Amino acid sequence: MPLKKDEKGGGTNADGSKSAMYCSHCYKDGKYILPGITMEQMQDRVKGKLKEFGFPGFLAGLFTKNIPKLTRWKKGN
């Protein structure tokens, strides 16, 4: 989720400050909300949410294609 569109302005770091990297749906108090979720599961989850909001399937797929490029999914994170 683009942080500009996050209704809470982003997730929170362990010290309570806003995260400049993660949204409020993924990150709270310096931890991932769903720590064990795989990249593929996250893509499916986001696609499902987008469809719930009325986005057609092809757009939902398009909007989730960059998830593998996010810092969370890079090797070593």
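In the stretch 22-32, how many are under 10 Å from the mean Cα position of the chain (by Cα) and of a type outside the set (Ser, Thr, Tyr)?
Going through the stretch 22-32 one residue at a time, the tally reaches 3.
For the stretch 20-35, give me each residue that is in contact with a Cys (Cβ under 9 Å, 6 or more places away or on another chain) and hydroxyl-bearing (Ser, Thr, Tyr).
Tyr32, the sole residue that qualifies.
For the stretch 1-47, which positions are exposed (fewer than 12 other Cβ atoms within 10 Å of the Cβ) and among the small types (Gly, Ala, Ser)?
Scanning the stretch 1-47 gives Ala14, Gly16, Ser17, Ala20, Gly36.
I need the full set of residues from the stretch 26-53 which are in a loop (DSSP other than H, G, I, E, B) and either touching a Phe, Trp or Tyr at 6+ places or on another chain (Cβ under 7 Å) or at pLDDT 90 or above (or both), in order please.
Cys26, Asp29, Gly30, Ile33, Leu34, Pro35, Gly36, Ile37, Thr38
Scan the stretch 56-68 and tell me whether some residue there is at pLDDT below 90, surrounded by 12 or more Cβ atoms within 10 Å (Cβ to Cβ) and aromatic (Phe, Trp, Tyr).
The answer is yes, given that some residue of the stretch 56-68 is at pLDDT below 90, surrounded by 12 or more Cβ atoms within 10 Å (Cβ to Cβ) and aromatic (Phe, Trp, Tyr).
The values are calculated or read from the model by the stated rules, or taken from the named source; none is laboratory data. The model shown is predicted, which means the values in this text are computed figures rather than measured ones. Neighbour counts are summed over all protein chains in view; Cβ atoms, including those assigned to glycine, are modelled from backbone coordinates with ideal geometry.
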